[in-house]
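Trainee: Following this message is one structure expressed as structure tokens.
The values are calculated or read from the model by the stated rules, or taken from the named source; none is laboratory data. In this text the structure is predicted, and so the values were computed from the model without any measurement. Note that each Cβ is placed from the backbone with ideal geometry, even for glycine, and that neighbours are counted across all protein chains shown. Surface areas here come from the heavy atoms of the whole protein model, side chains and all, with no ligands, DNA or RNA. Shrake-Rupley method; radii C 1.70, N 1.55, O 1.52, S 1.80 Å.
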Amino acid sequence: MARNMSPRFKQCRRLGVNYCGHPKAMNRASSPAFAKRKKPTDYSRQLTEKQKLKAYYGILEKQLRHYYEKALKSQLMTGDALVISLERRLDNAVYRIGFANSIRLARQLVSHGHILVNGKKVNIPSYQLQVGDVVSLKEKSRKNEHFRDNFLGHPAFNLPYFEKNEEEFSGKLTRLPERNEIPVQVNDQLVVEYYSK
């Protein structure tokens, strides 16, 4: 399975956003080494926004293009449909609900079979959640101290479309998110412009 294993902090500083959520990620962002020396072109702005979106969701180019092609067929605006579709990925839901403190760990939890959707094991990180789906930690995995601490100690994003249940070690997608509720600092219109060429 292809994964992006480039240094996260370095990428955060280059893109100008703390996509991994680590408090120290942007510590050296104001260093002269990361200063932009040229005025960015339209293409470079579009490319940067696309790279941000890939970084936020931990996906690669081929996957993002696939999501874009699906978003083109949606009745919503293409940019909104693209981000909403990415937000419904299972690995992202695991991260947002609070089972993991990073998208990389969330992906690992899913692919190693620790996560259930509606009581059934799903080990595909790109699995698309539907409204009403319940994501939970496998019974055996709840005894793992690391997983327990992550879920109970790690603050969830408190998003209005995810409902966290600490007693059941679960979370539920209560409704489809709206674009302005999704905590992703990306100009998705520029991503659409990049792919529409």
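Trainee: Could you list, in sequence order, all residues of the range 92-131 that are open to solvent by 30 Å² or more (accessible area, probe 1.4 Å), of a type outside the set (Phe, Trp, Tyr) and in a loop (DSSP other than H, G, I, E, B)?
Mentor: Scanning the range 92-131 gives 101, 112, 114, 118, 119, 123, 124, 126, 130, 131.
Trainee: Just need a number here: residues in the range 51-63 that are farther than 18 Å from residue 183 by Cα and either in a loop (DSSP other than H, G, I, E, B) or in contact with a helix residue (DSSP H, G or I) (Cβ under 8 Å, 6 or more places away or on another chain) (or both).
Mentor: So the answer is 2.
Trainee: A follow-up question, please. So which residues in the range 154-197 are free of Cβ contacts under 8 Å to residues at least 40 places away in the same chain and over 18 Å from residue 133 (Cα atoms), if there are any at all?
Mentor: Within the range 154-197, 180, 181, 183, 196, 197 meet the criteria.
Trainee: Quick check on the range 72-83: of everything there that is touching a residue at least 24 places away in the same chain (Cβ under 8 Å) and open to solvent by less than 20 Å² (accessible area, probe 1.4 Å), which residue is nearest to the chain's Cα centre (by Cα)?
Mentor: If we take residues in the range 72-83 being touching a residue at least 24 places away in the same chain (Cβ under 8 Å) and open to solvent by less than 20 Å² (accessible area, probe 1.4 Å), then 83 is nearest to the chain's Cα centre (by Cα).
Trainee: So, in the range 163-197, how many residues would count as being of a type in the set (A, V, I, L, M), within 22 Å of residue 151 (Cα to Cα) and crowded, with 19+ Cβ neighbours inside 10 Å?
Mentor: Residues flagged as of a type in the set (A, V, I, L, M), within 22 Å of residue 151 (Cα to Cα) and crowded, with 19+ Cβ neighbours inside 10 Å within the range 163-197 amount to 2.
Trainee: Could you grab me the full set of residues in the range 39-71 that are in contact with a Lys or Arg (Cβ under 8 Å, 6 or more places away or on another chain) and either open to solvent by 20 Å² or more (accessible area, probe 1.4 Å) or polar (S, T, N, Q) (or both)?
Mentor: 58, 60, 61
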